[in-house]
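K.L.:
My questions will all concern the structure given below.
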Amino acid sequence: DEMGRKVITQCFEVPFTILDTNECTLPLHHPMRHQCQSPAVCVNTNGSYDCVCPRMGESGGKYPSGTVEDQFWVDLAAEDRSPWEVSFNSSSRTSCPSMASTHGCCSARTNTNDAKNCRASFQCPNNPCNSAHECASSASCVLEHDPNSAKTYHCQCPDGLMGNGHKCRPGVDPKPEPKVRFDGITPTEKTVKNNFYCDCTPPVVDACAGFPPCKGKHEVCIVTASNVPQCGCEPGYVMHEKYGCVDESPPVMKLRNDPHGDQTLRLKQGDVYKEYAVDIQDENAEEYLRSLKIAYSRPLPHGCLTKVGEFHVNYTIATPWTTPSFLRLTRRVVIEDIDECKLDVAKFETVCPVLIPKCDSEAGASCLNKIGSYTCQCPKYTSGDGFQSGLSFGANDAPVGFKGGNGCHDTSKPVIELKGPNPKIFRISQCGALSGFMTSKISEHDADLKTSQQKHYGDDIKAMIRQTAGAELCATHNQTRPDASDCVKAYDQTYKGRVDLSREVVVGDPTQTSMLQWRVPYDVTDSAGNKAETIWRDIVVEEVDLSDVEAKVRREMLREKDSEIHKAVDKAVADERRKGGGRRNQQKMECPKCPACDCSGGGTSSSFDPSMCDPICDAREQTCQAPSELTLAMELVIFLETYVPSELIVGIVLLCLVVSTVMGLGYLYGLQFGPSTYTPVYNVEERERGLENHIREYNPRPSQNGGLTPQPVNLQSPPPKSFSMNPSQVQGPPVSSSSLYGGPFTPSPRFQSSQPASANGLSQQDQQERSIYAPSPRITPSRRGDGVGNRSPYGR
């Protein structure tokens, strides 16, 4: 060893014996206790153990409790065992399928894990009849032949009882009432259908079970009080001597697709009527539906509905045993109007092409809806029925206003407006014989020369018209080379707007109306063949003395220039008004949308006449008027904009502001410094003497020469308020004197009195006014200083 000592090895033989342990008898939880699962039985072997399936009716006590020898296994293998006495036949359920024990299947070394698991997984069928089962106490539990099937047992009732033998489940299984036919053995169909009912119960004999079927309608087999079967009416029916079993309560019909419950189906033109029929609320609904009759108050059209109105559908079922002998329900179908002018053409081409309006839209015709139909209206300046040509309708299908389909034709005549001078004046030097300062013209030669010159005027005018296409007739000093279209304006009013036909105007040959006057016609025809009213331009040849030619030409040029200026100013003003607030006048007032016209009486009238609807609605539409949107102030502003030049409006406004300011300041000045608020602060006595010396009255009196001479008067005579002067009473030459304004004064006729003057030069009114002013006391200011304000003629 490590100490250097010598080690001697010597073997000794020690004999010992390992005894067998009976694993089958070890207590629970012992590590060496067997792993056999009930109902398998543990059999001890020398050094090991095995699990064995018991025989039917045997228990673990049938097998030896000690160690078995090999002969035991030989005898076990020779036994004839049923499927209930060997392990299950599936390896998923047992370790040794279809074997009576684990001997030869599991390893003999039980101390290994594989051996333990093999014995623990060995499963033998368990007899369900020995444990909990669902058989009633009155039934017997009977094993099935094969324990590997899903159902391993069944319950069997004893003789004389009927049922499935299972325990009744409260609230689940019906009350057991098994019945058999009158032979006492064969169960009835109802009993078989209910799985023979639960538990085991004595069956009841059903007398009608197996009874021949009854031939009468609604007849079934019934059992009398003496338990004798016979034919009778089924429940809910009573026997009628003529019709047999009849329903004692009549059926109830209810319309389908009746959401409002008013038995009315509302459709529109273009819809397709669909028959929804009725629902019959009765046990025999199917039988009643077979006898249902449907009748319509008028024939239904094929396809879509096109006529406005209503019809009725009657649903009738026969009940001959009642009075009346039928039951009837009526559906009211109302077809309402649709606006054909607003249809979706793409949709209605396939759904209901008949309703698509056939107006001649290319000619400008517009569609107008009518109750139950429509009509076509030609635009302004055209005439016709507005429908497309080549249309044909049935006798009662033609739209309103259809007259064969002649479209819309232009009936508006063109209008011709002459431009330039009318009459057109051609001036020519007057032709005549020679004349001198001392001799006159020779009359014979003078007349011949005039006649020779005048006979060529017509040809010259015609030549000028042809050479210039009529442009010469509107040439002026300011526009010497106008275009032919500048001489005349022609237009045709169509529904698309105004069409200019100026270049289409035909200028005719002049027609002489007098010695020096001609008329030239202007004509034009539009594309529709409408001829305008002929317009004439007058032509005057003015023979002027040579000395007057220049003056007349100068005056004519001035007139033309002045006319052009006025036209330019008027055009500029009109354009400015259109751009400004004046355009408010051009805004169109649109009528508010009138309420929808319903002349069907709210859907309650049974005699609806569509032909009366259009007059009613037309009369109602007359009450739809455009509301006035202009207040009085707005109308005043528009009036000023229209008739007052725009440059004067600012001046008028400023003038009004100045006048208002001056009047306001004057009113404030009067309130502040007027006599009614003035209080004298002078010596009273001295002021009184001053008033006596200075107060005078201006009393005009006529002088000897007819004039007016002012005369002083005393204080007792107040001045008159007014006087009048009649110039007819004044003698001598007209008065010419210095007036208040420093110039001659001549009374205007509107200031002359209508009353005659008296001898003293005063009218009767003046005399009356003087008599009115009676002598008044002297103006004496009071001691308090308020007398002047109370007594002064200039007071309040």
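K.L.:
Does at least one position in region 55-73 carry a residue that is in contact with a Pro (Cβ under 9 Å, 6 or more places away or on another chain), part of a helix (DSSP H, G or I) and acidic (Asp, Glu)?
P.N.:
No, that holds for no residue.
K.L.:
Here is a further query. Quick test for you: out of 216, 270, pick the one residue that is crowded, with 17+ Cβ neighbours inside 10 Å and in a loop (DSSP other than H, G, I, E, B).
P.N.:
Result: 270 is the single residue among 216, 270 that is crowded, with 17+ Cβ neighbours inside 10 Å and in a loop (DSSP other than H, G, I, E, B).
K.L.:
Restricted to region 274-295, and to residues that are over 11 Å from residue 251 (Cβ atoms) and among the hydrophobic types (A, V, I, L, M, F, W, C), which residue is surrounded by the most Cβ atoms within 10 Å (Cβ to Cβ)?
P.N.:
277
K.L.:
Then there's this: Within region 180-207, can you find the residues that are surrounded by 17 or more Cβ atoms within 10 Å (Cβ to Cβ), of a type outside the set (Val, Ile, Thr) and free of Cβ contacts under 8 Å to residues at least 60 places away in the same chain?
P.N.:
181, 187, 194, 196, 197, 203, 206, 207 - these are the residues of region 180-207 that are surrounded by 17 or more Cβ atoms within 10 Å (Cβ to Cβ), of a type outside the set (Val, Ile, Thr) and free of Cβ contacts under 8 Å to residues at least 60 places away in the same chain.
K.L.:
Can you tell me which residue is surrounded by the fewest Cβ atoms within 10 Å (Cβ to Cβ) among those in region 403-414 that are assigned to a loop (DSSP other than H, G, I, E, B) and in contact (Cβ under 8 Å) with a residue 24 or more places away in the chain?
P.N.:
411
K.L.:
Which of the residues that make up region 267-302 are in contact with a His (Cβ under 9 Å, 6 or more places away or on another chain) and of a type in the set (Lys, Arg)?
P.N.:
Selection gives 298 alone.
K.L.:
State the number of residues belonging to region 243-267 that are over 17 Å from residue 313 (Cα atoms), of a type in the set (A, V, I, L, M, F, W, C) and in contact (Cβ under 8 Å) with a residue 40 or more places away in the chain.
P.N.:
1
K.L.:
Going by the conditions given, is residue 142 of a type in the set (A, V, I, L, M), in contact with a helix residue (DSSP H, G or I) (Cβ under 9 Å, 6 or more places away or on another chain) and farther than 30 Å from residue 57 by Cβ?
P.N.:
no
K.L.:
Can you tell me which of (1) among the acidic types (Asp, Glu); (2) crowded, with 17+ Cβ neighbours inside 10 Å; (3) at pLDDT 85 or above is the one residue 234 doesn't meet?
P.N.:
Every condition holds for residue 234 apart from (2).
K.L.:
On to the next question. Among the listed residues 259, 251, which satisfies the condition of being open to solvent by less than 90 Å² (accessible area, probe 1.4 Å) and not charged (D, E, K, R)?
P.N.:
From the options 259, 251, the qualifying one is 251.
K.L.:
Is it true that some residue in region 308-324 is assigned to a loop (DSSP other than H, G, I, E, B) and at pLDDT 90 or above?
P.N.:
Yes, because at least one residue in region 308-324 is assigned to a loop (DSSP other than H, G, I, E, B) and at pLDDT 90 or above.
K.L.:
Give the residue that is nearest to the chain's Cα centre (by Cα), with candidates limited to residues of region 552-563 that are closer than 17 Å to residue 420 by Cα and open to solvent by less than 70 Å² (accessible area, probe 1.4 Å).
P.N.:
Filtering region 552-563 for residues that are closer than 17 Å to residue 420 by Cα and open to solvent by less than 70 Å² (accessible area, probe 1.4 Å), the one nearest to the chain's Cα centre (by Cα) comes out as 563.
K.L.:
Given region 454-551, what strands (runs of 3 or more DSSP E) lie entirely inside it while holding 1 or more residues that are aliphatic (A, V, I, L, M) and buried (at least 17 other Cβ atoms within 10 Å of the Cβ)?
P.N.:
Ranges flagged: 488-494, 517-523, 535-544.
K.L.:
For a quick check of your reading of the model, give me the residue pairs whose first member lies in region 36-57 and is more than 11 Å from residue 124 (Cα to Cα), whose second is aromatic (Phe, Trp, Tyr) and not in a loop (DSSP other than H, G, I, E, B), with beta-carbon atoms closer than 8 Å and at least 6 apart or on different chains.
P.N.:
That search, which allows pairs on different chains as well, returns 42/49; 43/49; 43/72; 56/84.
K.L.:
Can I ask one more? Quick check on region 302-331: of everything there that is touching a residue at least 24 places away in the same chain (Cβ under 8 Å) and of a type in the set (Lys, Arg), which residue is surrounded by the fewest Cβ atoms within 10 Å (Cβ to Cβ)?
P.N.:
Taking the candidates together, the pick is 307.
K.L.:
Let me ask something additional. From the set of residues in region 375-402 that are of a type in the set (D, E, K, R) and at pLDDT 90 or above, which is most open to solvent (accessible area, probe 1.4 Å)?
P.N.:
380
K.L.:
Related question: Please specify each residue of region 387-421 satisfying the condition of being within 25 Å of residue 336 (Cα to Cα) and not polar (S, T, N, Q).
P.N.:
387, 393, 394, 395, 397, 398, 399, 400, 401, 402
K.L.:
Quick one: in region 510-544, which of the residues that are among the hydrophobic types (A, V, I, L, M, F, W, C) and touching a Gly at 6+ places or on another chain (Cβ under 8 Å) is farthest from residue 383 (Cα to Cα)?
P.N.:
It comes out as 518.
K.L.:
Check 25, 17, 94 and return the single one that is open to solvent by 80 Å² or more (accessible area, probe 1.4 Å), within 30 Å of residue 128 (Cβ to Cβ) and over 60 Å from the mean Cα position of the chain (by Cα).
P.N.:
25
K.L.:
Another one. Which condition breaks for residue 444 when tested against (1) modelled with pLDDT of 85 or more; (2) assigned to a helix (DSSP H, G or I); (3) open to solvent by 90 Å² or more (accessible area, probe 1.4 Å)?
P.N.:
(1)
K.L.:
Within region 337-357, track down each residue that is surrounded by fewer than 21 Cβ atoms within 10 Å (Cβ to Cβ), part of a loop (DSSP other than H, G, I, E, B) and touching a strand residue (DSSP E or B) at 6+ places or on another chain (Cβ under 7 Å).
P.N.:
339
K.L.:
What are the residues in region 135-160 that are touching a residue at least 40 places away in the same chain (Cβ under 8 Å), surrounded by 17 or more Cβ atoms within 10 Å (Cβ to Cβ) and assigned to a loop (DSSP other than H, G, I, E, B), if any?
P.N.:
The answer is 136, 139, 147, 157.
K.L.:
Scan region 532-552 for residues that are more than 24 Å from residue 488 (Cα to Cα) and modelled with pLDDT of 75 or more and report the count.
P.N.:
The number of residues fulfilling the criteria is 2.
The values are calculated or read from the model by the stated rules, or taken from the named source; none is laboratory data. As the structure is a computational prediction, the values presented were derived from the model and not from experiment. Every residue, glycine among them, receives a Cβ derived from its backbone with ideal geometry; neighbour counts consider all protein chains shown. Heavy atoms of the whole protein, side chains included, go into the accessibility calculation; ligands, DNA and RNA do not. Shrake-Rupley method; radii C 1.70, N 1.55, O 1.52, S 1.80 Å.
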